[in-house]
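Every number in this text was worked out from the coordinates using simple rules, so none of it is lab data. Only a predicted model underlies this, so the values are computations on that prediction, with no experimental measurement involved. Don't worry about glycine lacking a Cβ; one is built from the backbone with ideal geometry, like all the others, and counts go over all protein chains shown.
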Amino acid sequence: MKSSRLFKFTGIAGILLYLLVLLEIPLYFFYTPTPAGTPPVPIILYRIGIDLLICLGAITFFSGLKTIIDRHTPQLLGTGTLLFAAALCFAIVSLVADSMQAGAAWGAGSQPVNPTFVGQGANGALLIYGPINRLLTTMMLVTGSAWLLQARLLPRWMAWLGFVCAVYNAAFIPTYFFMTTPLDFYSVNGWNIPLAAGMFFLWILVVSIGLVVRSKRQEG
């Protein structure tokens, strides 16, 4: 694959990944709750279905990024391997968490269930969606941003944006020592999670746009 096509492929994959994230977010906030105040089971399953595609998109984007690293900065092969390994772990553990949530929804039958709450199926998944994902995203952001600084294929400010996002994500790794109250900011399943994940996927979007722009310049 030509370099321009590789840049475009990876960039488009990242943009589509970000669009999937935007599609999933409303399903956590806009729905008609059951009489018990829980999300309807179909909504839970729709969220899981989109998340499966997000995991696939993450693998695709970081596979492309690893290929770019290996081809254009062969002296940094280890960086590409570490970046892709972290991304693959991120996708795998997210799929495990999705399986736990789907199992909670199926096991509840006609009973109300919210698999993002402890006691309703989230017991095993919270550590994944919280501290584990923050740890893996921190590794991806630091590794990817360090490569951007050394490779100089994209503007340097994208690397510094990644470092800022990494610091924010790293700050929430210790939340597993705290309570499981969604309304609390600093808790294992608090509202810090969508902010931290949003920063990570925003970085992916910015890098993806940069890759598409570079591909157009090469083609021109």
Original post:
For the chain, what is the calculated [θ] at 222 nm in deg cm²/dmol (nearest 500), taking -39500 (n - 2.57) for each run of four or more DSSP H residues and dividing by its residue count?
Top reply: -24000 deg cm²/dmol
**OP:** Determine how many Å³ per residue the convex hull of the Cα atoms of region 3-219 encloses.
**Re:** 106 Å³
Original post:
Relative contact order for region 107-179: what is it in percent, counting Cα pairs under 8 Å that are at least 6 residues apart?
Top reply: 33 percent
**OP:** Check cross-link reach from Lys8 to the aspartates and glutamates: straight Cα distance under 19 Å, and skip same-chain residues fewer than eight apart.
**Re:** Asp70, Glu219
**OP:** Mind pulling the angle between the C-alpha long axis of helix 41-72 and the longest principal axis of the chain? Nearest 10 degrees, somewhere in 0 to 90.
**Re:** 20 degrees
Original post:
How far is helix 77-108 tilted off the main Cα axis of the chain, in degrees rounded to 10, range 0 to 90?
Top reply: 20 degrees
Subject >> Pairs of alpha carbons in region 10-72 whose separation is greater than 19 Å (percent) >> reply: 44 percent
**OP:** Using packing as a proxy for protection, rank 132-143, 19-30 so that the peptide with the highest average count of other Cβ atoms within 10 Å comes first.
**Re:** 132-143, 19-30
**OP:** Find the relative contact order for the chain and round it to a whole percent, using C-alpha pairs within less than 8 Å whose residues are 6+ positions apart.
**Re:** 25 percent
Subject >> Charge sum, other residues only, whose C-beta stays under 14 Å from Trp147's C-beta, Lys/Arg counted +1 and Asp/Glu -1 >> reply: +3
